[in-house]
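The values are calculated or read from the model by the stated rules, or taken from the named source; none is laboratory data. These numbers come from a predicted model, not from an experiment. Using ideal geometry, Cβ is built from the backbone for each residue, glycine included, and neighbour counts are taken over all protein chains shown. SASA here: full protein model, heavy atoms, side chains in, ligands and nucleic acids out. Shrake-Rupley method; radii C 1.70, N 1.55, O 1.52, S 1.80 Å.
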Amino acid sequence: NEAFGRLGYGFELHAFPSERALAESNAGRMDGEAGRIQFDSTLAAKYPNLIEVDEPTFFVTVGAYAPDASVRLNGWRDLADKHLVIGYPRGLKVIERRLVGHVDEKYLHGLNNIRQGLMMLRYNRIDVLVGLQTSVESVLDEAEFVNSGIALAGIIEVAPVFPYLHKKHHALAPQLASVLRAMKKDGTLDRLVEEA
């Protein structure tokens, strides 16, 4: 909101499931995406009408969680040859693409949400849950999981998150990048991320 306000634009945030949000933005029914982990070439080809604003707004941590603290995983390659059944939330396209690039699909299980994944870990239906650390840990802090033994097995990736705009707004992309850089320099962006 602050960045667009500095450019003289209003801002409305609409919440959709991840995949639908991409479809809406790519079709031009929405003006863009507030933040996405940087597209790989496959996603860029699938959503050709979305252009990346060349300045990340923040970084997210992708974590791997296991039913006990003895499992250690430190990167996508650590997931590859261990024959672990891995759950991940559907709709997080970049995570899904990276998993498919490293793990045989027969070991992957798409989940409806983080809670489902944590329940499946608890009852040994999956070996590992891969997801955004903030999302997983917010559910892990709830009473039903506090003493579950489920623990962070490792950081898989720390990824930059970029805004994406529909191509009809291509002229706005460099202006928005410039404002985001200025907001980082004056401390506004850090303050807003902390408040969120």
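Structural remarks
- Among GLY32, GLY91, GLY101: highest mean-square fluctuation, GNM of the chain, C-alpha pairs under 10 Å: GLY101
- Hits among aspartates and glutamates - C-alpha to C-alpha of LYS167 under 20 Å, sequence gap 8 or more where chains match: GLU12, GLU19, GLU24, ASP31, GLU33, ASP40, GLU52, ASP54, GLU55
- Rounded to the nearest 20, the Cβ-based charge dipole of the range 9-91 about its Cα centre (Lys and Arg +1, Asp and Glu -1) stands at 340 debye.
- Here the chain is treated with +1 on each Lys and Arg Cβ and -1 on each Asp and Glu Cβ, and its dipole about the Cα centre works out to around 460 debye.
- For the range 92-171, the set of chymotrypsin sites (Phe, Trp or Tyr not before Pro) satisfying both a DSSP loop assignment and a count of at most 15 other C-beta atoms within 10 Å is given as TYR123.
- Among the GluC sites (Glu not before Pro) found in the range 130-196, those both in a DSSP coil and sparsely packed, with 15 or fewer other Cβ atoms within 10 Å of their Cβ, are GLU142.
- Heavy-atom accessible surface of the chain: percent carbon and sulfur, 1.4 Å: 50
- Unit charges at the beta carbon, dipole of the range 68-196: most positive-side option, LEU192, LEU121, PRO160: PRO160
- Comparing Cα centroids, the range 1-66 and the range 140-193 end up 10 angstrom apart.
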